Each structure stands twice: as C-alpha cells, then as structure tokens.
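Comments concern the structure below.
The values are calculated or read from the model by the stated rules, or taken from the named source; none is laboratory data. Everything numeric here is computed off the predicted structure, so don't read it as measured data. Cβ atoms come from the backbone with ideal geometry, glycine included; neighbour counts cover every protein chain shown.
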Amino acid sequence: MTSSNESIRQHEYIEKLKEVTADLCKKTGHVPKANVTTFGCQMNAKDSEKLKGILVSGGFDLTESEDDADFVIMNTCTIRDNADQKVYGHLGVLNHLKKKNKFLKIALCGCMMQEKTVIDKIRESYRFVDLIFGTHNIYKFAELLYRMYTEDAGMIIDIWDSTPEIVEDLPAVRKYPFKSGVNIMFGCNNFCTYCIVPYVRGRERSREPEEIIKEIKDLVDDGCIEIMLLGQNVNSYGKGLSQEITFAELLRRIEEIEGLERIRFMTSHPKDLSDELIDVMASSKKICKHLHLPLQSGSTKILTAMNRRYTKESYLALAHKIRERVPGIALSTDIIVGFPGETKEDVDDTIEVIKECGFENAFTFIYSKRTGTPAASMEQCEERFVKEQFDRVLKTVQETAATKVGSLLGSVQTILVEEINEHKEGYVSGRMSNNITVHIKGDGSYIGKLVDVKLTESKGFYYFGEEV
Ligand code: 5AD
Ligand code: SF4
C-alpha cells in the first residue's frame, strides 16, 4: 500500500523542523550539524540517503565528523555479531562527546534496533541515547526528530513489528550524482535458517512498477546514468501487487528509459532465478554483465539445513546456464563457513563449486549465531575448526578470482568512473559492466563519465588501464 497522506504529513514535519533548527542556531551561534553513520548493506546506504535528505530539508548541515556534530545518527546492521559490536563500541565514543557538547543528540535506527535484546541493553547501559527507531518507520524520521527536540521526554523509542505502508516522495541526499540505488522491494520471506533479515526487515513487499519507473526517470533527469535495483530477493519481485509482474518484465520496462545507460540489481536468490530473467539479461543493452548469486554453501546437506531450497547440482547447472547464455558475464557470490554441523567434507564441496563456477568475486563470511534464528539452536561448530576451513575457502576464492579476472587483459572495455583513487595520486577508479574495478590516469573531471579503456595490467581482483 502506498501512502501519499503520510508523505504530506512528513513534509509538514520537515517544515516544523526548520523552526527547531532555526532556534538551535540562535542558541549555539551556528547552523546545527548532523552526522550520519551507515553500517551494512546497500539498502542501509539508501536509507541513510533518505535520513540525510530529511535532515538537510529540515535545516541541518551535514558533517562527515562526529566531533563537531550536534546530532549523530547511526543506521545499524545486525547481519553478523561484529556489526552489533561496532555500534556498541561507537556508542562509548559518543557518550564521551556528549559530555563535551550539551546540545549533542544521539539517535539509532536500522536493523539492529528491531531486536528486543538490543533495545533492553541500550535502555540499561546506554541511557544517554535520545532517539531509537527501526526499519519499518524510517519514513517518520522528521516527525520523530521533531518530537525529540520538542517533547523533552527522555529516550524516545519507537519500534514497529511491521508495516504495510510504502511511503514515497521523501527527500534524499545522494552520495553519487551519476548513480543511485533504487528500492524495488522490502523485506524477505525466505527464512534461511542462519539469517536475521526476515525478522528485522519483515515480509516481502514490492513497490508498484509505476513508482519505480517514476523514481528512475526523475533520477535520470537529475543526472543519473546507472541505477542499482535493490531488494533482498529481487527475483520474487512483483508478487502480491494488484497487478502481478515479474522482475524480468520490470527490467524490460526500465530498459526503455531514455538516458539511462546501466542497470544493476541485487540480490538474486538462486532458487527463484527464471529463464525469463536470463533471456532479458542476454538481450539487454543496459543490464550490466554481472550477477551476484549467493551460494552460501556447496554442500547439499548444509544447503538443506540452511533452508536454501536448491542443491549443489542445481546451483552448478544454473551457473553454467547463465555463463553460456550471457557471454562475458561475471558471477559473484556470498559464502558462509562454519554453519552448524558443517564438516570438512562439506567445505570440500563448497571449494569444488567455487572452482567449477570460477567466481570473479566472492564474499566469504564466518557463520555468526543470530538469536532467534533456527540455526542458533543447532549444534555449533568449534571455533578453531571454522577458522581453518575459512582460510581454505578464502585461499580458493582468491586464486580462482585472480585467474578469472585476469582473462580480460589487453581488451578494451567501457568503465564508469566513480571516484578519485585515494591510494594512487593522479588516478581515478571506475567499474566495467561486469563490476570489476579499473584504475586509470585522470582527475575529477572524469567522475561520472563513461570512458573506453584498454586493460593493461591485471592485479587479481582489479585492473590498471589506459584511456583509448
Ligand atoms: N552469519 C554469517 N553470514 C551471514 N550472512 C547472512 N546471515 C549470516 C550469518 N548469520 C551472509 C550471507 C548473505 C550475506 C549478505 O551475509 O552470505 O548472503
Ligand atoms: Fe537472509 Fe536468505 Fe532472505 Fe537473503 S534470502 S535476506 S540470506 S533469509
């Protein structure tokens, strides 16, 4: 359900916020500064752009540093325990800053806040936090901020279990002028047994295709040439809409948007990847030659325990089919090592699949026990065993990727230049259609441009190139 009334309401709160910030400005002698820190995935990055949009529209200036901020918000992630630990560590620093700046307000939002144990801990041990909200009511940020500044009610905690609403048309401050993420759906229905996402992001809800197309057209008018369609499981896009539509059909419609050059998307679940989607990818001129297809494990036994609903053989068959039908495509993946019950033989299976698929890139994670998920109550692996197996997998991934990535050496490719290279002076960095990074000589004027380059040196996961 899309709510325009709610959008109007929130715009009214943005207007009211301007009074609050003007008042703060009088008291402190400067425009209040806000700092937004983002943890986790691209969805969170997109949410943070919305938080920044509301802050700026409400009269805040943004600052990269927390030291001179009057308002700090952390948009949290909880996919693995180390994400949680980073937030707690950071809160310690903020407590210190708050003692120095009596105007400093601190807010927390995002996935981690959807967990009751986290809220209990913050209530007890981090009482200096001013505002907490979750993933379902982020669109109410302006209203919550206004309440925080005007009610003086102590810590405000507003966490919802779910929401049917999708609120469109709120402001955003985009990180890159030339590319942007676009949410196409929220939540996940898959309940992989290790994963906390379905509990903190709720059930799957798709945005209406017209809303998505409108957002992309507006982005293109605003200078965007590349978009990344975002969803936990984009392959099941469209289910439950009044007029059902497949993800492949959505892509076909997006392809027609004039001025848009590149389309990316993530994440695809292997169990839902249709032949229709492969055909669209094969025939498209704009969809990038890259597919992120999380494997998680190469052992059918572990995949079953993970509730992934595919097998080693079916994953391999799918990967081969994609490579065959979409020449030049790069495959990347996610792998978890140390899932409960995993043996050395199971990891052998994973290694076999990595070698056979020849992933251009793979993100390897040590299994992290998440309270409330089914896997948390299964018998856990021993830490030392997991570390050893993790190293084996990582080594395979690195070797495979290096040979695979290097195969384009000498060819001419188009890159979209994204940023100045921080490590090598006089260089900029961009991505090929297949998502692999290339560094070339250049300056700020290259940023946001499509440039043809010859790949002159392969460095394993990336290249150096020369403009042609
Ligand atoms: N432990 C380790 N890795 C996890 N992921 C999701 N949940 C966990 C967990 N509990 C990984 C998966 C997923 C990626 C985004 O994070 O590989 O694809
Ligand atoms: Fe988590 Fe599985 Fe949903 Fe991905 S598909 S978000 S791993 S439950």
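Yes or no, residue by residue, for (1) modelled with pLDDT of 90 or more; (2) on the phi < 0 side of the Ramachandran plot; (3) touching a helix residue (DSSP H, G or I) at 6+ places or on another chain (Cβ under 6 Å):
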residue: 149; (1), (2), (3): yes, yes, yes
residue: 168; (1), (2), (3): no, yes, yes
residue: 173; (1), (2), (3): yes, yes, yes
residue: 182; (1), (2), (3): yes, yes, yes
residue: 186; (1), (2), (3): yes, yes, no
residue: 191; (1), (2), (3): yes, no, yes
residue: 196; (1), (2), (3): yes, yes, no
residue: 200; (1), (2), (3): yes, yes, yes
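Counting the residues of segment 184-221 that are under 19 Å from the mean Cα position of the chain (by Cα) and away from ligand 2 (no atom under 14 Å from the Cβ) gives 7. It is to be established whether one or more residues within segment 41-58 are in contact with an Asp or Glu (Cβ under 7 Å, 6 or more places away or on another chain), of a type outside the set (Val, Ile, Thr) and crowded, with 21+ Cβ neighbours inside 10 Å. For segment 41-58, residues in contact with an Asp or Glu (Cβ under 7 Å, 6 or more places away or on another chain), of a type outside the set (Val, Ile, Thr) and crowded, with 21+ Cβ neighbours inside 10 Å: absent. Among the residues making up segment 349-399, those that are at pLDDT 95 or above and of a type in the set (Val, Ile, Thr) are 350, 351, 353, 354, 364, 366, 373, 386, 393, 396, 397.
For segment 357-372, give me each residue that is surrounded by 15 or more Cβ atoms within 10 Å (Cβ to Cβ) and either under 28 Å from residue 318 (Cα atoms) or of a type in the set (A, V, I, L, M) (or both). Passing the criteria: 357, 358, 359, 360, 361, 362, 364, 365, 366, 367, 368. Looking across segment 311-338, the residues that are on the phi < 0 side of the Ramachandran plot, more than 14 Å from ligand 1 (Cβ to nearest atom) and not hydrophobic (A, V, I, L, M, F, W, C) come down to 311, 312, 313, 314, 320, 321, 323, 324, 325, 327.
Only residues that are surrounded by 17 or more Cβ atoms within 10 Å (Cβ to Cβ) and outside any helix (DSSP H, G or I) were counted across segment 90-127, and they come to 9. Among the residues of segment 131-146, are any of a type in the set (Asp, Glu) and in a helix (DSSP H, G or I)? For segment 131-146, residues of a type in the set (Asp, Glu) and in a helix (DSSP H, G or I): present.
For segment 147-176, how many residues meet the condition of being in the same structural domain as residue 19 (by TED's automatic domain parsing), part of a loop (DSSP other than H, G, I, E, B) and in contact with an Asp or Glu (Cβ under 6 Å, 6 or more places away or on another chain)? Total satisfying the criteria: 0.
Given the options 345, 379, name the one that is assigned to a loop (DSSP other than H, G, I, E, B), in contact (Cβ under 8 Å) with a residue 12 or more places away in the chain, not β-branched (Val, Ile, Thr) and not assigned by TED's automatic domain parsing to the domain that holds residue 461. Give the steps one after another, and end with the answer.
Working: 345 fails: assigned to a loop (DSSP other than H, G, I, E, B).
Answer to the check: 379.
Filtered by the rule that a residue be within 16 Å of ligand 1 (Cβ to nearest atom) and farther than 12 Å from residue 186 by Cα, segment 204-243 gives 228, 235.
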